[in-house]
Every structure is written in structure tokens, then in C-alpha cells.
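The structure's right below; bear with me while I get my questions together.
The values are calculated or read from the model by the stated rules, or taken from the named source; none is laboratory data. In this text, all values refer to a predicted model and were calculated from it rather than measured experimentally. Cβ: placed from backbone, ideal geometry, glycine included. Neighbour counts: every protein chain shown. These accessible areas exclude ligands, DNA and RNA; they are computed on the full protein's heavy atoms, side chains included. Shrake-Rupley method; radii C 1.70, N 1.55, O 1.52, S 1.80 Å.
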Amino acid sequence: MAALENPVPPVAALFPSHADRVRWDDYLTRELLCANARVAGGSVVPTIDMTALRSQLALIDFQAPRGLEELLPWTIAQLEHGVVHMTNPRYFGLFNPAPSFPALCGDRLTGAFNPQLATATTSPAAVEIEAHVIRAVARQAGLPPEATGHFTSGGSEANYTAVLCALTQANDRFATEGARAFSGPPVFYISRESHLAWVKIGHQAGIGRSAVRQVPTDGRGRMDADALATMIAEDKTRGCVPVLIVATAGTTNAGMIDPIGRCAELARAHGLWFHVDAAWGGAVLASDRLRGVLAGIERASSITIDAHKWFATTMGCGMFLTRDPAILSQTFQVTTGFMPSNTATVDPYVTTAQWSRRFLGVRLFLALAAAGWSGYAQHVERSVALISQLRALLAERGWRIANASSLAVLCVEPPVGAADPRTVAGRVLASGRAWVAVATYEGRDVIRICLTHGEATMDDIHELIDALNAAC
Ligand SMILES: Cc1ncc(COP(=O)(O)O)c(C=O)c1O
């Protein structure tokens with residue numbers, strides 16, 4: 001029989017030869033290192049001409065193929081000039097860190113092998129590595145040995161998972177009947193200073209935005225536990241069904257920590273799920289010196305920690321941890337004929353909101369294994385030390401300190417007689433010398449300075465102080 005011939009060769013632009021791949025990989029490695037070095041010494045904010053970008057994009061109409069020798073340098077240049085640079089040590093931003101080198105290696109490995117983590121059957125090693133990291137982080141948080149969890153796309157997915165678990169625990173008919181299973185509207189509690197993705201989550205979970213009760217704070221950015229107790233009692237009297245209390249451990253605006261112990265007690269007293277949102281603050285668990293600020297986290301039903309915040313992985317690396325594997329399985333259980341396995345508590349597609357899954361956790365695995373907990377302790381402690389120095393230097397210069405956080409975020413108001421926070425922050429950004437945010441803390445505008453860049457130094461702090469003073 002004549003040998004069958006391939007109908008057409010593979011598309012070389014999509015699947016180049018081995019030699020070409022080596023060439024492009026080398027090019028990217030070298031070029032990205034140079035671009036990163038330029039970024040570290042250049043403008044933190046975008047300098048791109050968007051009109052020029054749009055007209056260049058219009059020419060890329062996906063009709064005639066273009067070579068990588070044109071596309072790669074062009075795309076690198078757009079990123080070099082067209083984004084706010086988290087890798088610049090004067091980005092004092094929203095917890096988006098400069099990624100650690102092991103995390104970057106993890107991204108490269110994931111892309112190269114592109115494993116499918118929907119099931120342990122398809123990716124046994126990868127699923128096991130992720131589970132190993134999750135168990136280690138859960139242990140570090142003080143959860144019991146049976147604790148489980150998974151990597152998520154970020155803190156919002158992890159928090160969404162907590163709401164689904166809470167609803168599932170509160171009523172075992174929720175899985176089939178949804179909110180209709182409850183005798184009254186299900187509600188849950190967050191503080192007014194918490195991350196307001198919770199409001200979207202109420203919508204997403206089908207219980208509605210009004211189900212998200214925003215508890216007043218104590219004037220220092222922390223949930224008022226007495227107000228929480230009153231709201232729960234009032235909701236019950238009204239026929240609502242409380243299902244969950246969320247304590248934020250490191251508020252987004254000011255790094256404040258809700259009274260975790262009081263929230264845990266109220267949750268236990270009312271039989272509610274208790275979630276701690278430690279999306280960025282959770283990294284201090286690495287430090288024996290700092291972790292005490294999260295005391296009580298070990299009592300949580302579940303915890304959110306984002307590795308893509310203070311653990312310095314690349315974006316898209318959250319974690320959901322829970323002491324209750326059975327509820328997690330009940331929440332995401334499904335059976336299909338086409339998946340190669342269906343093992344509750346093992347196969348990620350039956351224990352998480354995602355189905356097809358990227359190998360998210362390898363970045364934290366490599367970074368944690370390379371640095372050890374002690375390396376991460378040093379990483380978070382140096383951030384806190386730098387922020388303390390900044391706090392003292394700004395106070396000396398007449399800046400008013402608005403928050404009293406033990407984490408690496410500082411909220412300040414300009415000296416009396418200077419421009420308002422919004423104007424000052426706008427001028428700092430326009431200078432390109434540093435990036436700071438405006439936040440609302442306890443009802444007033446403040447300049448929010450967060451330090452999660454692992455290589456920031458006192459020189460960067462002094463540059464920021466100069467930029468802030470010049471903007472007053
Ligand atoms: C306390 C807190 N929770 C949740 C989130 C949302 O996390 P993500 O942006 O990873 O979805 C953030 C983001 O800053 C946060 O600070």
C-alpha cells in the first residue's frame with residue numbers, strides 16, 4: 001500500500017523549526033532583560049502615544065502574515081512604553097509586585113508544557129505539586145492537617161468560592177435550588193473598607209448585591225464587631241438568612257486588619273461560614289515576627305491569599321484554602337462521561353470554579369522552594385521596614401499619617417496648606433518619577449503608598465519623597 005502523505009505541512013509561522021525557536025527564545029531572553037533594565041530606570045507611567053499605537057494597530061489587519069522579527073520588537077516596545085510598570089521600584093501601587101525570578105521561570109515552564117490541570121489523571125505531577133504548596137500554606141496559616149484548597153485566577157475568584165461554600169454549607173438544597181432554597185434572602189457581612197469585588201460576587205452568586213451587608217468601621221478602617229453583631233440580629237429578625245462573615249486581613253485601602261477573633265466568635269455563635277480575606281496581607285504568615293497581626297486566622301472556615309500580590313508571583317495566582325474539604329467538593333461536584341476521572345477532593349474540575357486550568361501554582365512552588373519561608377520572611381519584613389522609614393520621614397516633613405497599619409501600606413495627607421491628595425497624586429504621576437494611588441480611607445481622600453517591590457531601596461523612598469514634596 002502506498003504511504004499516506006500529509007495533506008499540507010504544519011503552519012511554519014505557528015510551529016517554527018527547532019532552530020528558529022532557539023533563536024527566538026534567545027532573542028526574548030536577552031531583549032526582555034534589557035527592556036526590564038530600561039524600565040527600572042525610566043518612567044513608571046505610560047509614555048506611549050495612543051494615537052500612533054491605534055494607527056499602527058489598524059495596519060495589522062491580520063490579512064498578510066508578518067514575521068516575528070517585526071512583531072516581537074514592536075510588542076515589547078508597546079509594553080515598555082504603554083503600561084504602568086510594576087517592575088519599576090518606584091511603583092508604590094496596588095500590591096501588584098515585581099515578579100520574582102523563580103515565578104517568571106514558572107510561567108515559562110507552564111507555557112512550554114501547557115499541562116491541563118482539570119484532572120489529576122491528565123496532569124498527575126502538576127496537580128500534586130499544587131496540592132503540596134496549598135497544604136504548606138494552609139499549615140502556615142494554622143489550619144488543620146485535613147485542610148485543602150486550590151489556586152485561583154486571583155483573590156476575587158477565591159472570595160467567590162468562599163461565598164459558594166458558605167451558601168452550600170448553610171443549606172444543602174442550595175446546590176439544586178439556588179437562593180430559592182432559603183426561607184428568606186441569604187445575606188453576608190463584609191466591612192465598608194473591604195474590597196468591593198464582594199458586591200460583584202453577590203451578583204455573580206445569584207443572591208444579589210443587596211445581600212452584601214457593609215458593616216461600619218471603627219474610625220480606623222477596621223470592622224466594628226459590635227455593629228456586626230447588631231446587624232446579624234436585625235437581619236435575623238427581618239427574616240433574612242445570614243450565611244457568612246468576612247474579615248479582611250489587610251484592607252485594600254489602608255492595610256487594616258478586622259477583629260478576626262471577634263468575627264470568628266460571632267460566626268461560631270450563629271453557625272456561619274467564616275472567611276478571612278488576606279489577599280495581600282496573608283504573606284506576613286511567612287514571618288515569625290509579623291504573623292501575630294493575623295492571630296485568629298487559624299479559626300477561619302476559609303482563607304484567600306493571593307500569591308500575585310506580596311508573594312511576588314506573576315499575575316493570576318490566587319489561593320483558596322479551607323478547613324472543610326467536604327463542603328468544597330459538594331460545591332463543585334459534577335459528573336460527566338467525557339472526563340478521564342472524577343475523584344472528589346482530587347480532580348480540580350470538581351473542586352474549583354474553573355474547568356480547563358492552567359498550572360497556576362508552579363510559580364509559588366518554585367519561589368517558595370527557592371527562598372524558603374525564611375526568604376519570604378525577609379521579603380515582607382524589609383517592605384515593612386522601608387514603609388516605617390518612609391512614615392517617619394514624611395511625618396518629619398509635615399505630612400499627616402492617616403492609617404496605623406502593621407503591613408506595608410501607608411496612607412498620608414499632604415502638609416497643611418499644600419494641594420489636596422488627588423491633585424498631589426496626579427502631579428506625581430504626571431512627573432513619571434513614582435506611582436502612588438488616591439484612596440478613600442474612613443471617608444476622606446488620602447494618598448496611598450504601598451511597598452511590595454522586593455528590590456525597592458531607600459534611594460527609591462527618597463525619590464518618592466522628593467516627588468511628593470515637589471507636587472505639593
Ligand atoms: C483585600 C483584597 N481582596 C480581594 C482582592 C481582589 O483580588 P484580585 O484582584 O486578585 O481578584 C484584592 C485586590 O486588591 C484585595 O486587596
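Any chance you could check the Cα centroid distance between the range 286-355 and the range 378-440 for me, in angstrom?
So the separation of the two Cα centres works out to 33 Å.
Take the Cβ-Cβ distance between Arg220 and Arg23 as r, set R0 to 60 Å, and report the resulting FRET efficiency rounded to the nearest 0.05. Working shown, then result.
Details: r = 57 Å, r/R0 = 0.95.
Here the calculated transfer efficiency is 0.55.
A further question on this structure: Be a star and scan the range 4-46 for residues whose amide nitrogen sits under 15 Å from the point 7 Å along the Cα-to-Cβ vector of Leu57.
Answer for this model: none.
I would also like to ask the following. Give the calculated FRET efficiency between Leu71 and Arg400 to the nearest 0.05, with a Förster radius of 51 Å applied to their Cβ-Cβ distance. Present the calculation step by step, with values, prior to reporting the outcome.
Details: r = 49 Å, r/R0 = 0.97.
After rounding, the FRET efficiency stands at 0.55.
How far is the Cα center of the range 112-168 from the Cα center of the range 1-57, in Å?
Going from one Cα centre to the other spans 32 Å.
Provide the solvent-accessible area of Glu234, counting protein heavy atoms only and rolling a 1.4 Å probe, rounded to the nearest 10 Å².
That residue has around 90 Å² of solvent-accessible surface.
Probe radius 1.4 Å, ligands and nucleic acids ignored: give me the carbon and sulfur share of the accessible area of the chain as a rounded percent. Don't jump to the answer; show the numbers that get you there.
On the way: 12120 of 21200 Å².
Its accessible area is 57 percent carbon and sulfur atoms.
Ok, one more. Using modelled amide H (1.01 Å from N, peptide plane; none on Pro or chain starts), what sits under 5 Å from the amide H of Leu94, excluding residues fewer than 5 places away?
Those qualifying (amide H under 5 Å, at least 5 residues apart or on another chain) number zero.
How high is the FRET efficiency between Lys200 and Arg238 when r is their beta carbon distance and R₀ equals 25 Å, given to the nearest 0.05? Display every interim value, and only then the final one.
Values: r = 24 Å, r/R0 = 0.97.
The calculated FRET efficiency here is 0.55.
Multiply the residue gap between Asn6 and Val416 by 0.36 nm, knock off their C-alpha separation, and tell me the result in nm, one decimal place.
Numbers: separation 410, 0.36 × 410 = 147.60 nm, distance 7.66 nm.
Length difference between fully extended and current span is 139.9 nm.
What value, in deg cm²/dmol to 500, does the helix sum -39500 (n - 2.57) over DSSP H runs of n ≥ 4 give at 222 nm once divided by the residues of the chain? Each step should come with its number before you reach the end.
Details: 14 runs with 198 residues, N = 472.
Value at 222 nm, helices only, nearest 500: -13500 deg cm²/dmol.
Residue separation times 0.36 nm, minus the C-alpha to C-alpha distance between Met339 and Leu393: what's the value? Don't skip to the answer; put the middle values down first.
Working: separation 54, 0.36 × 54 = 19.44 nm, distance 5.89 nm.
Separation in residues times 0.36 nm, less the Cα-Cα distance, equals 13.6 nm.
May I pose another question? Under a 1.4 angstrom probe, counting protein chains only, how are Leu228, Leu290 ranked by accessible area, largest first? Each step should come with its number before you reach the end.
On the way: Leu228 0, Leu290 25 Å².
Output order, biggest surface exposure first: Leu290, Leu228.
Taking the solvent-accessible surface of protein heavy atoms with a 1.4 Å probe, what is the per residue accessible area of the chain in Å²? Write down the numbers at each step before the final one.
Numbers: 21200 Å² over 472 residues.
Spelled out: the 1.4 Å probe surface of the chain, per residue, equals 45 Å².
Can you compute the label reach from Ser374? Point 7 Å from Cα along the Cβ direction, backbone N cut-off under 20 Å, restricted to the range 121-146.
136-137, 140-141
With a 1.4 Å probe and all protein chains in place, put Ile201, Ile76 in order of accessible area, largest first.
Values: Ile201 5, Ile76 25 Å².
Result, largest first: Ile76, Ile201.
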